[in-house]
Structure formats: C-alpha cells, structure tokens
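The values are calculated or read from the model by the stated rules, or taken from the named source; none is laboratory data. Owing to the predicted nature of the structure, the values given are computational and were not obtained by experimental measurement. Cβ coordinates were reconstructed from backbone atoms using ideal geometry, including for glycine residues, and neighbour counts include every protein chain displayed.
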2 protein chains.
Amino acid sequence: MERTQIPETTIQRLPVYLRCLLQAQQDRKPVISSVEIAEMVGTNAAQVRKDLSYLGELGTRGIGYDVEALIAHVSKSLGVSELRRAAIVGYGRLGGALKSYTGFSDRGFDIVAVFDASPDKIGTDADGVTIRSVDELDAGLAEEGVEIVIMATPAAETQALVDRVVGAGIKAILNLAPVRLQVPDDVAVRQVCMSTDLQILSFYLAQGGER
Amino acid sequence: MERTQIPETTIQRLPVYLRCLLQAQQDRKPVISSVEIAEMVGTNAAQVRKDLSYLGELGTRGIGYDVEALIAHVSKSLGVSELRRAAIVGYGRLGGALKSYTGFSDRGFDIVAVFDASPDKIGTDADGVTIRSVDELDAGLAEEGVEIVIMATPAAETQALVDRVVGAGIKAILNLAPVRLQVPDDVAVRQVCMSTDLQILSFYLAQGGER
C-alpha cells in the first residue's frame, strides 16, 4: 500500500482537531463546521478544510462534518482507535509525574511498564505497575507488548538505553532527556525540551523589549 | 526600532544551534563551519547559513564561524545573555520535577518563585524556594521580578490563574496544563503537550504498519 502523503504540519494539528472534536462530542453536538473547529483550535477554516481533506472526503458543503464520523476518521489516522501500550524508562521525579498523569488514557495510551536502574526502586510499585530493572529492558518491552517508549532518563545514560530500546524493535520514542538521539531512519522520535521552549519565549521577550 | 523579521521556524532552531555551539566551546573549538553545525543538529549546511544570516553577517566564507562570537550573538537574540527569572505555578509532581531539574540555569533561566493553592504546601521548601500561595500571585511575581511563568496546574484551574498572571504583566507563558489558553496578542505562549506528541508518534506507527 502506498504511504499516505500528509504534510508534517498537518499531522501535528490532527491531535488538536481530535481533542476539539471530543469536546464537541461531550457537548452533544452532532455536526460541526470548519469555522467552528477553526475557532476552537485557533486557526482559519480554510486550513481546517485542507488538513481534513487529506483524510478523505469527509465534510458536506454548507453543513459541516459529522462529529462521530470525523472522530473515527481522525482516531484511525492517528492510530489511537485502540489503546496503545507505552513504557516509561527512568522513574525519577519526571518519570514519576508522567506515570501518575491520568490524562494519557483519554488520549489513547496505556503506560503498562516502567523501568529504572536504581536497586531501591526496582520491584516497588509505580502507580499500579511494578518497576522493572533496565537490565530486563529488552525482554520486558516484548513481554508487555510495548509500542512506544518514553525516555525520562539522565542525559548521559539515555543514548545507550535508547540503543537497547531500538534493538528491542521499538519504532516510536518520546524523549524527555536533554540530549539529541541517534536512531535509525525507521524510528520516529519526538523531543520534548522545555529549556528550548523557554528560550523561544525569551526570544519574544527580547524582541518585545525593543519595540 | 523596527521589529526583526525572523521566521518562526528559524526562531525554533536558534536554541538548538546555541546548545551545539556551547558544546563546541566546551570542546575548545575556536571556529565551526556550517557543515559541522548542520551535522550536530541534523539539518543541512545551507539551512544553517540561512538561519544564522538573519542575525547579521557573522561567518567567514571558507573558514566558518567564530564560536565565541556566535554564542554571544545567538544568546543576545534569544535574550539569554543574562539569567531570566521564571516562576512555576502548581507544585504537584510535574511542577516538583521541573523545580528540581538543574538544567534550566545552564540554558539561561532561574526559577525564583513557586506558587501553589494547597495549604499543606504553602510556606514549605521547594528545592530552595519557599512555596507561596496563589493568592499572592500578583504581588509575588512583581516582587520576584519574574518574566516567564510556567503553568503546571490542573487543567480546570489553569485559565483563571493565567488571567491573573497576565494581569500581573507577564508576557511569556510555558503551559504544561492540557488546556488551550486564551491570552492577549502581546503574550507569548508555548504549549507542552506530551499526549499530542504521543499521538503524533502513533500516527507514524499507524502509517508504518501499512507499508
């Protein structure tokens, strides 16, 4: 099957549309227009129509989109029609905060495994999951059927652990460690870096000061 | 003074260039080429030269960029030549993880204040800063000379607190709460949403499965 060619910027907006559609569903709205979606997500209606057109012929001109049908389509495109199994590597303060966050399951993700290197933590409970040793990373990811791994590890130890995660066949990594990962081309990586976000905000402050 | 017109995508890459330059400085490299920078950050040399050209005529053809001079230029553009004062609102597990993260100061930020609504936490120590009540938000932000606020609050309470943060004159907000903020046009917001990042990764997994 030919790979769908959806622009990267559109892909990044799909989760935002989905969240907005789920809100409309909760508000018991059967139909939603591109103008309404645009207002909710802070873009323009033409952009919404163009983005959603990549998923197929979904809307009816002059009427709008069937909310239920569009949720099903966007969820399918995002591969979150069923819960995906994820693991956290690194159960420090950040890893612990993520494990305890209850919002992931609403968005399609179940944290089924947690790994750490500290003997004090291994075998203890992490919000309903028993912490496993990073020595068991390869076997543990396979046993738990994990598809996505979240790295919340110290920078210096991250790449070596990622190499093992990739070796275990994982194709999607969310990296919270402040280090750029080297992975094969067929592994998708998203980098969360709050220092970078703060610097971008600082840029706008610096520019604003010059006005 | 006319506002510098640097494209949004270039602004987002400046922090990455800065990190790479600081690495070169640590490695005692006096000069760096656009090819070397491109390799370190995972882009191409033409992109690096174009991005850096927005900051002025900085490189020497055939030689490269003076590392120290370029660090000074990029830092100035990002407004991180001196430490910027930031505050965290919400001292739950995520807020606690951020406060204890030691990497912010290396990147130009000092977390000087922490606010929370819980009487149990107010007045206690948060890694060297005494937690203040959100009731003191307005006065506290001014007293501490805060320029950037990080929201690590429950979704439902975030907008009301952001309204007060904006009312206190703050022009830059990093939002970790899973909610879209409404702010005036002159306030810069960066949204961190790991659920969205996971869904984007899931998209690539779903596509990969169809190949």
Handout entry: Selected residue [in contact with a strand residue (DSSP E or B) (Cβ under 7 Å, 6 or more places away or on another chain), farther than 29 Å from residue B:19 by Cβ, among the small types (Gly, Ala, Ser) and free of Cβ contacts under 8 Å to residues at least 40 places away in the same chain] from A:142, A:188, A:126, A:172
Key = A:126
Exercise for the section: Please specify each residue of region B:59-72 satisfying the condition of being surrounded by 15 or more Cβ atoms within 10 Å (Cβ to Cβ) and in contact with a helix residue (DSSP H, G or I) (Cβ under 8 Å, 6 or more places away or on another chain). Expected result: B:59, B:64, B:65, B:67, B:70, B:71
Practice task
Report the residue count in region B:172-185 for those that are modelled with pLDDT of 95 or more and surrounded by fewer than 19 Cβ atoms within 10 Å (Cβ to Cβ).
Solution key: 2
Handout entry: Selection within region A:87-97 - more than 7 Å from every other protein chain (Cβ to nearest Cβ) and at negative phi
Key = A:87, A:88, A:89, A:91, A:92, A:95
Problem - Long-range neighbours under 7 Å by Cβ, at least six apart or interchain, first residue within 7 Å of another protein chain (Cβ to nearest Cβ) and free of Cβ contacts under 8 Å to residues at least 24 places away in the same chain within region B:99-120, second of a type in the set (A, V, I, L, M, F, W, C) and not in a helix (DSSP H, G or I) - result: B:104/B:111
Fill in the blank from the handout: Taking region A:4-43 and keeping residues basic (Lys, Arg) and over 16 Å from residue A:65 (Cα atoms) leaves A:13
Handout entry: Residue check for residue B:191: surrounded by fewer than 19 Cβ atoms within 10 Å (Cβ to Cβ), in contact with a helix residue (DSSP H, G or I) (Cβ under 8 Å, 6 or more places away or on another chain) and in the same structural domain as residue B:89 (by TED's automatic domain parsing)
Key = no
Handout entry: Residue that is farthest from the other protein chains (Cβ to nearest Cβ) [pool: residues in region B:175-211 that are of a type in the set (Asp, Glu) and not in a helix (DSSP H, G or I)]
Key = B:185
Handout entry: Odd one out for residue A:127 among (1) crowded, with 16+ Cβ neighbours inside 10 Å; (2) under 19 Å from residue A:109 (Cβ atoms); (3) of a type in the set (D, E, K, R)
Key = (1)
Practice task
Please go through region A:116-152 and pick out each residue that is acidic (Asp, Glu) and touching a helix residue (DSSP H, G or I) at 6+ places or on another chain (Cβ under 7 Å).
Solution key: A:116, A:127, A:138, A:147
Exercise for the section: Would you check which residues across region A:136-167 are crowded, with 16+ Cβ neighbours inside 10 Å, assigned to a loop (DSSP other than H, G, I, E, B) and among the small types (Gly, Ala, Ser) and list them? Expected result: A:152
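Matching residues to (1) more than 30 Å from residue A:159 (Cα to Cα); (2) free of Cβ contacts under 8 Å to residues at least 24 places away in the same chain; (3) within 14 Å of the chain's Cα centre (by Cα):
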residue	(1), (2), (3)
A:27	yes, yes, no
A:36	yes, no, no
A:42	yes, yes, no
A:68	yes, no, no
A:71	yes, no, no
A:80	no, no, yes
Problem - Test: residue in region B:93-114 that is modelled with pLDDT of 90 or more, crowded, with 20+ Cβ neighbours inside 10 Å and acidic (Asp, Glu) - result: no
